[in-house]
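Notes for the one structure printed next.
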Amino acid sequence: MSLQKDVIIGLEVHIQLTNLKTKLFCSCSNDYRGTEPNSHVCPICIGLPGSLPVVNKKAIEFATRIAIALNCKINKSMYFFRKNYFYVDLPKGFQISQYNRAGGRAFADGGQITLKLNSHKKDIILNRIHLEEDPARLVHKGSIATSPYTLVDYNRSGVTLIEIVTEPVIGSPEEAREFLKQVKSIVQYSGISSLDLEGSVRVDANISIKGHERSEVKNINSFKEVERALRHEIVRQKNQLKRGKELIQETRHWDDKRRITISLRTKEFEADYRYFPEQDLVPIEIDNNFIQKVKDELPEMPSERSLRLRRDYNLSDFDSDNLVLDKDIADFYEEGVNSDALFGTNEYKQYCNWLMNDVSRVLNEQNKTIKDTKLHPHQIVDIIRHINEGKITTKIAKNIIDDMIDGFSISEILEMKGKKRISDENLLEKLGIEVIEENSKIVKDCRVNPKAIEALIGRVMQKTKGQADPHITRTIILELLKEKGITE
Ligand SMILES: [Zn+2]
């Protein structure tokens, strides 16, 4: 990882609390995905005159959960602000949000996430988190630039957002990626949102080269895009400076199709929004009893779980840290390894490797989470047993993972593929003789290097497309070499 010491990045991460049932200030359904446009609306969330918002208590509880999980200091008394701007996605002409100036406070201040980078640890210090409502969703035909119209779906209007704001302490796109991985994990464990849902996260990034003006890249619509957008913007800024041009403070838009940032406006400051205290909502008071209750009910967090897995299953720091990142994978792991009483340290490690390497590879290729598949924890137990008992080779096992994800058992897959191991000794002996004749150099090597026999076994495997029984093949080749007086 190359550390770009001259780069300064701060992130604002907006997360929809998708696990809430209702919106932030009304009782309309929070779940707008796949619904008829403008069917989950009421006078409050379309901003009709005279309608009065009422804060969703569960949203306060969820915000408290994430604040505790991120080690923030929760403000005991606060009120909402109106952030004024005019746009069609905001029928009231203002967004109900929080403001940490002019006597206002964020929901919580401070906090941090510790990253484990290649060679060191780094604390990413948070500035604050706050609660606000999502504006409506705008729908365009094709791209926003060429669409002949804009459609507005108010089902999203009033959905709860949590905004996590970091200090400008992130030093590279890779650090930003690691930070967002941890955010995603902590949000998943705290049970407030499913960030795999389309549109559930939006990130704004402040980027500058030390000593120069910063730009803000708005509305990056997925965690994956953030690293890409940052890389592009850093190169753009450095190229400007190389050409002798000075950078200006500006807001830019990330175009994820063309993968470039585009200037939207310059010299926009927060004061332009004219924040006013929201007089229609009573101040929020949070007492210690409430915080303690939420704390007591908070599920195990990834860092705690990683320590426990290290202890209970003898995993390395690296393995346990990676395994716990996705809660569903870690749940799957624990169910699997605990279902076989004979499993010990070796199998715990094997199981972890299967999940982290082959299963993760297929999930990435198919863009699925483990819950989207029919894979059952017991299937991985089966794979490990079959390999350890010599019934299938690791190579075959790796080839059948794709089918296992579709829910087939090992025996079903082997039958379908006709990939039973070859244990016919006559056939293997014939292949062994061929291999010894064809590879005189390796055979010669066997006289001085006992490990050279692996290469001969490998040649038999090649001839059988990985289906030769490795134990029988080894025995046969050893005997053939002995007969020829090559080994003792
Ligand atoms: Zn509503």
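Where the only charges are on Cβ atoms (+1 Lys, Arg; -1 Asp, Glu), what is the dipole of the chain about its Cα centre, to the nearest 20 debye?
Numbers: 74 positive and 73 negative charges, 288 e Å.
Using only the charged Cβ atoms, the result is roughly 1380 debye.
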Classify segment 300-417: rounded, prolate or oblate, from the alpha-carbon gyration tensor (a ≥ b ≥ c, eigenvalue square roots; a/c under 1.5 rounded; otherwise prolate if a/b is larger than b/c)? oblate
So which lysines pass the test for LYS441, namely a Cα distance under 19 Å, with those fewer than 8 places away in the same chain ruled out? LYS451, LYS463, LYS482, LYS484
When all protein chains stay in place, what accessible area (Å², nearest 10, 1.4 Å probe) is found for ARG361? 90
So for segment 7-294, using the alpha carbon gyration tensor with a ≥ b ≥ c as root eigenvalues (a/c under 1.5 gives rounded; past that, a/b versus b/c decides prolate or oblate), I'd call it oblate
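Within the P(r) computed for segment 48-163, what percentage of the Cα pairs occupies the region above 18 Å? Mind showing how you got there, number by number?
Numbers: 4124 of 6670 pairs.
Summing the P(r) tail past 18 Å for segment 48-163 gives 62 percent.
Enter the accessible area per residue of segment 241-318 (Å², integer; probe 1.4 Å; all protein chains in place). Please report the intermediate quantities before stating the final value.
Details: 5600 Å² over 78 residues.
Value returned for segment 241-318: 72 Å² of accessible area per residue.
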Taking the chain as the reference, fit the longest principal axis to its C-alpha atoms, fit the long axis of helix 327-338 to the helix C-alpha atoms, and give the angle between the two in degrees, 0 to 90, nearest 10. 40
P(r) over all Cα-Cα pairs of segment 353-448, 5 Å bins from 0 to the longest distance, whole percent per bin, short to long, reads 2, 11, 19, 17, 14, 10, 9, 9, 6, 2, 0
Taking a probe of 1.4 Å, how large is the accessible area per residue of segment 107-218, in Å²? 38
accessible surface per residue for segment 418-488, probe 1.4 Å, DNA/RNA/ligands not counted, whole Å² -> 64
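For LYS218, LYS391, give me the order by solvent-accessible area with a 1.4 Å probe, most accessible first, ignoring ligands, DNA and RNA. Intermediate results must be reported in sequence, preceding the final value.
Working: LYS218 40, LYS391 95 Å².
Final ranking, largest accessible area leading: LYS391, LYS218.
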How big is segment 425-483 by the Kirkwood estimate over distinct Cα pairs, in Å? 11.1
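What's the Kirkwood radius of the chain in Å, using all Cα pairs?
Details: mean 1/r = 0.0377 Å⁻¹.
Kirkwood hydrodynamic radius for the chain: 26.5 Å.
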Name the shape class, rounded, prolate or oblate, that the alpha-carbon gyration tensor gives for segment 1-81, where a ≥ b ≥ c are the square roots of its eigenvalues, rounded holds for a/c under 1.5, and otherwise prolate holds if a/b is larger than b/c and oblate otherwise. prolate
Which of the lysines could be linked to LYS122 by a straight reach, that is with a Cα gap under 16 Å, when you skip same-chain ones fewer than 8 residues away? LYS5, LYS181
Share of accessible surface on carbon and sulfur in the chain, whole %, 1.4 Å probe and ligands ignored, is 50
For a paramagnetic label modelled at 7 Å from the Cα of ASP372 toward its Cβ, which residues of segment 161-200 fall within the zone defined by backbone nitrogen distances under 11 Å? 196-198
Which order do you get for LEU342, LEU414 if you rank them by accessible area with a 1.4 Å probe, largest at the top? LEU342, LEU414
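The values are calculated or read from the model by the stated rules, or taken from the named source; none is laboratory data. Just so it is clear, the model here is predicted, and its values are computed rather than measured. No Cβ is skipped: glycine too gets one built from the backbone with ideal geometry, and neighbour counts run over all protein chains shown. Note: areas computed on protein heavy atoms with side chains; ligands, DNA, RNA excluded. Shrake-Rupley method; radii C 1.70, N 1.55, O 1.52, S 1.80 Å.
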